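Single-structure report; data block below.
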Amino acid sequence: MNPILITGAFGFVGRHLITRLLRESSHHNVVAAALPCELQAAAEWTSALSPMVQSRLVWQALDINNPEMVRAVLSASKPCAIVHLAARASGADPDREAVHRTNVVAVGMLLQEARGLSEYLGSPVKTLLISTGYAYGSSSIARPSVESDPLEHGRYGPYTDSKIEMERLAAEFKDIVVIARSFSHTGPEQTPVFAVPSFARQIAMIERGMLEPDIRVGNLAPLRDMLDVRDVVRAYELLIERSALGETYNVSSSQPLSMRDILDKLRAMSSVPTTVSPDPDRFRPADIECSTGSYRKLQLATGWQPTYDIDTTLADTLAWWQSSLDIPDPAKGIPAS
C-alpha cells in the first residue's frame, strides 16, 4: 500500500499525526517531509519510537516553497494521500508576502504535482488541506459556524486571509482536495508562541522560581473552540479515509470558552498563587470575539466527535511543560526555557 505523505511533519500537529498513524493505526506507512534543518532533530525524535513504528516511517527533506523538492518528494514516495501541514501558522505573523508565498503559492505548486501524480497512478491522491475556523470571522455560541457560511476576507490578518485564498485556489482541484477548517487546538509539545502553551510554560517556570508569579497575557476576552491536538489528528486520519473529495469539513467542538476561563483553569492546577498582567506585545491588531463551529458534517461523514475534555487537555499540557523546561524544544533544537 502506498504511504501517506505528511508535509510539515516535524511541527506540533505533524508529530502528533505521525504518532496517531503509526502507533494507533497498524495499516499506515508514513513519509514525513520536513525542512532540511529539522531532519537531525527528527531523527533523534524518531529514535524514541519502537522499532516496529520506525520501520514504517521515512523522513524526507522538503521546503514547500521549492518546486523541485516538491516534485522529487512526490515522485519518490508516490503517496496514496497527502496531509498538507506545512505552513506559516501563526495568526500574529505580520509578513503578508511570506505568508502568502507559503500558504497559497506553494499550495498551488503542490496541488499541480499531486494532480499529475494522480493521473500517473490512475487514482486520485487525496490531499487534505488545513484551513482555519477563523475564516468565518466571529460567530456565536447560539449558532456555531457551518461550512456553507460566507468567509471573512480582509479583516483578521495575513494568516486568515491566506487560508481563504488557499481555499479559493483549491476549488480548481476538487478532484483531489478535501479541506479541514480547523478551529483552535492545543496540547503537549505546542510552541509557546501560542496562548495556551505560553500560559502553561509561564506557570511551570513560576513553579520553578524562574519567573515572578505574574502571568503575562494578551486579550483574554475572546471565546474559542479549544480542541485537543490528539482529537484533531484523529479527525485528519478519518478525513483521509472517509471524506468525500471536493468537500470542506469543520474540525471544531461547538463549545467555546473564553481565554480567561482557560487561563483560570490552568492557574487552578498549580499550587503556586499567581497574578495576571496584560502585556501590550501579546495583543493582536484584530481579534475575533467568538470562534466556534459545528462539527456535524464531519461527524456524519466519519463518525468523529471530540473525546478529550478541556481539563484533561490543559492538565496534560501543563504537565508536559513542568517536565520539559530542561529539555530542548524538539521543533527548534534549543532549550524550551
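The values are calculated or read from the model by the stated rules, or taken from the named source; none is laboratory data. Note that the structure is a prediction, hence the values are computed from the model and not measured. No Cβ is skipped: glycine too gets one built from the backbone with ideal geometry, and neighbour counts run over all protein chains shown. Note: accessible area is taken over every heavy atom of the protein model, side chains too, but ligands, DNA and RNA are not part of it. Shrake-Rupley method; radii C 1.70, N 1.55, O 1.52, S 1.80 Å.
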Query raised in the report: If you go through the range 277-321 one residue at a time, how many are buried (at least 16 other Cβ atoms within 10 Å of the Cβ) and within 24 Å of Ala221 (Cα to Cα)?
Result: 16
Query raised in the report: Scanning for something under 22 Å from Cys80 (Cβ atoms) and among the polar types (S, T, N, Q), does the range 105-117 turn up at least one residue?
Result: yes
Query raised in the report: Identify, please: which residue in the range 6-42 is within 21 Å of Leu227 (Cβ to Cβ) and open to solvent by 50 Å² or more (accessible area, probe 1.4 Å) and is, among those, modelled with the highest pLDDT?
Result: Arg23
**Report entry** Filter result for the condition that a residue is open to solvent by less than 40 Å² (accessible area, probe 1.4 Å), in a loop (DSSP other than H, G, I, E, B) and at pLDDT 95 or above, over Pro150, Pro188
**Finding:** Pro188
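Can you tell which of Ile215, Ile176, Ile206 is of a type in the set (A, V, I, L, M) and closer than 23 Å to Ile82 by Cα?
Numbers: Ile215 fails: closer than 23 Å to Ile82 by Cα; Ile206 fails: closer than 23 Å to Ile82 by Cα.
From the options Ile215, Ile176, Ile206, the qualifying one is Ile176.
Any idea which of Val217, Val251 is of a type outside the set (D, E, K, R), more than 25 Å from Ser145 (Cα to Cα) and touching a Lys or Arg at 6+ places or on another chain (Cβ under 8 Å)?
Working: Val251 fails: more than 25 Å from Ser145 (Cα to Cα).
So the residue among Val217, Val251 that is of a type outside the set (D, E, K, R), more than 25 Å from Ser145 (Cα to Cα) and touching a Lys or Arg at 6+ places or on another chain (Cβ under 8 Å) is Val217.
Filter the range 193-213 for residues that are under 23 Å from the mean Cα position of the chain (by Cα) and open to solvent by 40 Å² or more (accessible area, probe 1.4 Å) and give the result.
Our first condition is that a residue be under 23 Å from the mean Cα position of the chain (by Cα); within the range 193-213, this holds for 193-202.
Within the range 193-213, Val193, Phe194, Ala195, Arg201 meet the criteria.
Quick grid of which residues meet (1) among the β-branched types (Val, Ile, Thr); (2) under 14 Å from Ile215 (Cα atoms):
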site	(1), (2)
Lys265	no, yes
Ala268	no, yes
Pro273	no, yes
Pro278	no, yes
Arg284	no, no
Leu298	no, no
Thr307	yes, no
Asp311	no, no
Ala315	no, no
Report task. Answer yes if at least one residue in the range 271-279 is over 25 Å from Leu17 (Cβ atoms), of a type outside the set (Ser, Thr, Tyr) and modelled with pLDDT under 95, and no otherwise. Result -> yes
Query raised in the report: For the range 119-143, what are the residues that are open to solvent by less than 30 Å² (accessible area, probe 1.4 Å) and part of a loop (DSSP other than H, G, I, E, B)?
Result: Val125, Gly137, Ser139
Query raised in the report: Taking the range 60-109, which residues are in contact (Cβ under 8 Å) with a residue 24 or more places away in the chain, closer than 25 Å to Gly218 by Cβ and not in a loop (DSSP other than H, G, I, E, B)?
Result: Arg96, Val99, His100, Thr102, Asn103
**Report entry** Subset tally (residues that are assigned to a loop (DSSP other than H, G, I, E, B) and either in contact with a strand residue (DSSP E or B) (Cβ under 9 Å, 6 or more places away or on another chain) or open to solvent by less than 50 Å² (accessible area, probe 1.4 Å) (or both)) for the range 43-59
**Finding:** 2
**Report entry** Leu266 vs. criteria touching a Cys at 6+ places or on another chain (Cβ under 6 Å) and surrounded by 19 or more Cβ atoms within 10 Å (Cβ to Cβ)
**Finding:** no
